[in-house]
Amino acid sequence: MKYTLLFFVLLTSLCHAGAPDRDDGYRLWLKYDLINDASRRAAYARSAQFIVLNSNSPILKTAAEELQTGLQGLLGKTVPIVASAGGKTGGIILKTDTSLPQLNDEGYQIRSQPNLIISGKTDAGVLYGAFAFLRHLQTGQPIGNLALTSNPKIRVRMLNHLDNTDGSIERGYAGSSLWKWYELPERIDPRYRDYARANASIGINGTVVNNVNASSRFLTAEYLEKVAALANVFRPYGIKIYLSVYFPAPKTIGGLKTADPLDPEVNKWWADKANEIYKLIPDFGGFLVKANSEGQPGPQDYNRTHADGANMLAKALAPHKGIVIWRAFVYKADGKADRFKAAYDEFKPLDGQFEKNVIVQVKNGPIDFQPREPFSPIFGMMPQTPLGMEFQITQEYLGFATHLVYEAPIFKECLDSDTYVKGKGSTVAKVIDGSLHNYPLTAIAGVANTGSDHNWTGHPLAQANWYAFGRLAWDHTLSSEAIADEWVKMTLTTVPQSVKTVTEMLLKSREIYVNYNTPLGLSRPWTGVHFAPEPWQNRSSRPDWTAVYYHRADSTGLGFDRTASGSNALAQYRPEVQQQWNNPETCPLPYLLWFHHIPWTKKLSSGRTLWDELCTRFYTGADLVGWLQKQWAQVQKDVDPETFDNVAGRLATQQKEAIWWRDAWVLYLQEFARQPIPKPFKKPDRTLKEVKESVQVYLVR
């Protein structure tokens, strides 16, 4: 009896430890747990007695299998896949129908008839419809008289991975690379399929698997076979694979003496390389290029333009219907210039000079993924050139994986911004979805936050940012609140009060972070330590890699003057936008220091002086991390214990680091402002020297 009991305990322990559905976050928003409400479960079951699949298409097969898996989990019963309804009702029919006028190539329609029909013009549309139906069930919505129609507003919806051949990830905070290059192509990690499932479930249809600071090794036969193996996994989920390419590859691996884009031998090398790739990967998506930026070589090394470089690659890919995504993230090392203006100055004159299969990919703001930025002035100003959006999902300037920052409000803030290029209502979203300038080719990309951590993103709540990007890439009209509500219900809990509590945490988290990190439009894209506060940093190989270049603190005030009396960066926007930001008296406080150098004692619209307003935001922002902790404690009973403990620990770290950021900024800026810290706030317990020493450790190799 003793040994039997011991064996049972050991077996139970092993089964629990190895359970594939352990709730540590691995399943993301695809949990498919049993619906607790018996009456709702029964109502769903009556409409899901079988699944009809009458095709051998790999993507349709994926849709049927995903439906079967999801329904089995949600309903607690097996739903068979059959070839025909056979006159029966109460089932789900998957159907491609090219005659549906209301759908584009990837849109879907879900209709309750005698049977529930999920249809699309293409197999991919049906797959997206299947995932949408499961989402409908997971979030507890009724399915009687169901009538849903949805089309993606943007054609290419992709993740950009910054993964390297050695398994490291630039700006990755959730472990090492997902891609085990040393095992590929012989061994296919099951995680690749789960990654594809997650992306397909939110409508992502492309992925760039390697860093934009690219290695030419990815274009060798050795690595193309590895990439092809990944493409084979992604294909049944409607996902195309793309590669970042190193512009001088014809020299580094091709043996040529030049990489000049106008050289015939270079053009032939790229055309031959494209042919080689498409033989291995017939549905290869194309190339992503970072060139003449931050030390990366490019066409300007040969006195050619960005258009010359992009067009060379575009012509090589055109016979295969591939595309070139050329990044507009460029700026020169010029201490007298304003980095804010660089991309516009380089690309605006090239409008209309790019081949039809080129997209110029623009970061959401003019600097570099800051906690808050004005929208990039390029949007709307290149009507003859398709412009794609680049957001950053990974939290480079948002506290890495220890700070809670829900990014949907960042994405929405940019997408909903009005460029006024065709009058009021000419939003950034309408630029990138093609509706404003009739772009036939449209794209949106998110720099991925996934890694080898078992829960994918390190911080469990950072999964919401991956999810939010996908949902907004599909439909940019969705609200941050609606997306958060969906994600919480699908991922954490369906208990109404706890859903409300966590949703509120998510929605307020970005503003809390901005307040203790970069309030009123401070920006900080300095080198050195991205993670730690270092506003005093003033030494670098180039001035625009210092902190002081951006905040411009001095004895008179703070902020970067970008009006006509300063760098005049505001002139890159339409007059209606300039009018919003040009006058420091009326400029919205969130953008004030982006465009103006403000005296320390100037009274702002809040009624406080600049110094007092800064202190108020630094202190209240740090204090509100304590509020996040209290809110999270309230949902403990309704959230998986492992996830709860993980988030609770990270929030404790965030509180400590928020105070660290607060102290660094307040003590440093006080040396210029020479003002007392306003009541009721207390002076930091440590000195500026002590804060600097606490940061110095991160610079030690």
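Key figures for this structure:
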{"item": "Solvent exposure ordering (accessible area, 1.4 Å, most first) of His530, His597, His551", "result": "His597, His530, His551"}
{"item": "Other-chain or far-sequence residues with amide H under 5 Å of Val330's (modelled H)", "result": "Ala343"}
{"item": "Accessible surface ranking that places the most exposed of Asp334, Asp23 first, with a 1.4 angstrom probe", "result": "Asp334, Asp23"}
{"item": "Surface share of carbon and sulfur [accessible, 1.4 angstrom probe, percent] for segment 439-539", "result": "50 percent"}
{"item": "Cα→Cβ-extended label distance, 7 Å offset, between Thr620 and Asn232, nm", "result": "5.8 nm"}
{"item": "Mean separation of Cα contacts under 8 Å, 6 or more apart, over the residue count of the chain: relative contact order %", "result": "11 percent"}
{"item": "Linear extension gain, Ser565 paired with Lys336, 0.36 nm per residue minus alpha-carbon span", "result": "81.0 nm"}
{"item": "Tail beyond 51 Å, pair distance distribution of the chain (Cα, percent)", "result": "13 percent"}
{"item": "Structure-based [θ]222 nm, the chain - -39500 (n - 2.57) summed over DSSP H runs of at least 4, per residue, nearest 500", "result": "-12000 deg cm²/dmol"}
{"item": "Residues of type aspartates and glutamates that Lys500 reaches as a straight line, Cα spacing below 15 Å, ignoring anything fewer than 8 places off in the same chain", "result": "Glu481, Asp485, Glu486, Asp638"}
{"item": "In nm, spacing of pseudo-spin labels at Asn145 and Glu225 (7 Å Cα→C-beta vector)", "result": "6.0 nm"}
{"item": "Over segment 406-456, relative contact order from alpha-carbon pairs under 8 Å, at least 6 apart, %", "result": "18 percent"}
{"item": "Neighbour count of at most 14 Cβ within 10 Å plus DSSP loop: longest GluC sites (Glu not before Pro)-free window in the chain", "result": "295-584"}
{"item": "Helical segments meeting 15 Å axial Cα length and Kyte-Doolittle 1.0 threshold in the chain (DSSP H)", "result": "2-18"}
{"item": "R0 of 45 Å, Cβ-Cβ distance Thr653-Gln384: FRET efficiency to nearest 0.05", "result": "0.40"}
{"item": "Extension gain, Arg686 back to Asn538 (0.36 nm per residue minus Cα-Cα distance, nm)", "result": "51.1 nm"}
{"item": "Per residue accessible area of segment 383-448, 1.4 Å probe, in Å²", "result": "25 Å²"}
{"item": "Beta bridges per DSSP with both ends in segment 226-346, % antiparallel, nearest 5", "result": "10 percent"}
{"item": "Charge dipole (the chain, unit charges on Cβ, about Cα centre) - positive-most of Asn205, His161, His136", "result": "His136"}
{"item": "Inter-probe distance in nm under a simple model that places probes 7 Å from Cα toward Cβ, at Lys603 and Ser39", "result": "6.0 nm"}
{"item": "Carbon + sulfur, % of accessible area of segment 547-701 - ligands and nucleic acids excluded, 1.4 Å", "result": "50 percent"}
{"item": "Chain lengthening between Asn54 and Ile188 when straightened (0.36 nm per residue, less Cα-Cα)", "result": "45.4 nm"}
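The values are calculated or read from the model by the stated rules, or taken from the named source; none is laboratory data. Predicted model, so just to flag it, every value in this text is computed and none were measured. In this analysis, Cβ positions are derived from the backbone assuming ideal geometry, glycine residues included, and neighbour counts consider all displayed protein chains. Just the protein is used for accessible areas: all its heavy atoms, side chains included, with ligands, DNA and RNA removed. Shrake-Rupley method; radii C 1.70, N 1.55, O 1.52, S 1.80 Å.
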